[in-house]
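All of the numbers you see were taken from the coordinates with simple rules; none came from a lab. All values derive from a computational prediction rather than experimental measurement. As a convention, Cβ positions derive from the backbone with ideal geometry for all residues, glycine included, and neighbour counts pool all protein chains shown.
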Amino acid sequence: MPWQEVDTVSLRVEFVRLAQMGGLGMVELCRRYQISRKTGYKWLERVRRGGQEALRDRSRRPQHSPRRTAAQVEAQLVALRREHPAWGPRKLRWVLGSGDQAELPAVSTVAAILRRHGLIDEKEAAKHSAFVRFEHPAPNELWQMDFMGDFAVASGRCYTLTALDDHSRFNLVLAACGQQTTETVQRRLIDTFRRYGLPLRMTMDNGPPWGNGYDRHDLTPLSVWLMRLGIRVSHSRPYHPQTQGKDERFHRTLQAEALAGRHFSDLGQVQQCLDGWRSVYNGVRPHESLHMQVPQQCYRPSARSYPECLPPLEYGPEDTVRKVQAGGWLSFRGRALRVPKALKGQPVALRATGCDGTYEVYFGPHRVAGFDLRTAVRP
């Protein structure tokens, strides 16, 4: 069975949850996870009979006793906090009760227990306050993608590539990379698209490899590739990281819960750490913004499958089609017009707007430029 060895259990859990959520047929879901339908139904049946515990290759000792005294509850809270030092009282209480909070102390009492054991830094706690964020109404309407600030490993530098679903906060990409290049990002995204399908839109900042400095309207080879897949591409406003707020917050959580104070020998060791933490983040760690659900409970894979072979671009009979030349130049009605140079070699369509002498340029369904022939330069 071709599961990744390092992440077998978490992949089984993720597969079962996505299968239970619906949205994709079992044949398609099994294809994306590279397993047979027989294997997929086997894991579903095991969960039905024995819950998620049955997905493990060996049994685990029970973590909860049927009856607890107040001292036992306190000890468990302290242990859980030490295991997850960045989790607050609400998350600890929720996870400890597995959603049933009737027999547990109040959140304020949990906070008091943590303070009594010296497990709350009051200065650090004062920095965090509730923040209301806009979110898209359904999964895969928007993915946020970015590189986290790089850090040193014994063998060089690590650049952590992340992608987050805006609606569910489900982490789609978490990769330790040795460089920030188009090829690196594209390779990771192809693996992700094959598993989770294509989003409607992706947003990134303005830096390479997905942006050209602070020109939000320019294109790069990576953004052209995404547009060719039918994905709308947008960029954050310069000096406004709030546009990428969820992914920025994800980076802060990742740093606090997985990377802070740790030293790594190479990228492989970093990736092993990231894989383990991703399983906790997506499937264990509750989110207050999700009403204490975990991201896997709110995410469904996209019905838009990744096309291994892209179909040719098709334009309407009223369109004038031109092939973009080097430097982004094309010729139209005796004028030299320029579009983003990343479109070199691609066919684009020029469409009249209805206003005399003005045209819009489209790459597939995406508008990439507009021109007024009355002011355009003759070659």
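The residues neighbouring residue 30, those whose beta-carbon lies less than 10 Å from its own, together hold a net charge of +3 under the Lys/Arg +1, Asp/Glu -1 convention.
What ranking of 262, 187 emerges when the number of other C-beta atoms within 10 Å of each C-beta is taken as an exposure proxy, fewest first? Mind showing how you got there, number by number?
On the way: 262 10, 187 13.
Taking fewest neighbouring Cβ atoms as first place, the list is 262, 187.
Look at 45, 257, 318 and count the other Cβ atoms within 10 Å of each Cβ; fewest to most, that gives 318, 45, 257. Distant-in-sequence amide contacts of residue 201, defined by a placed amide H-H separation under 5 Å and a gap of 5 or more residues or a different chain, comprise 142, 143, 232.
Just subtract the alpha-carbon distance of residue 79 and residue 249 from 0.36 nm times their residue separation and send over the number in nm, one decimal.
On the way: separation 170, 0.36 × 170 = 61.20 nm, distance 2.53 nm.
Gain on stretching residue 79 to residue 249: 58.7 nm.
The residue list 16, 27, 51 was ranked by how far each Cα lies along the charge dipole of the stretch 5-55 toward its positive end, using unit charges on Cβ atoms, and 27 comes out on top. Just to confirm my numbers, what's the Cα centroid distance between the stretch 254-276 and the stretch 26-48 in Å? Their Cα centres are 30 Å away from one another. Taking 8 Å as the Cα distance limit and 6 or more residues as the minimum spacing, I'd like the relative contact order of the stretch 320-372 as a percentage. It rounds to 28 percent for the stretch 320-372.
Per-residue Cβ neighbour counts within 10 Å put 9, 110 in the sequence 9, 110, beginning with the fewest.
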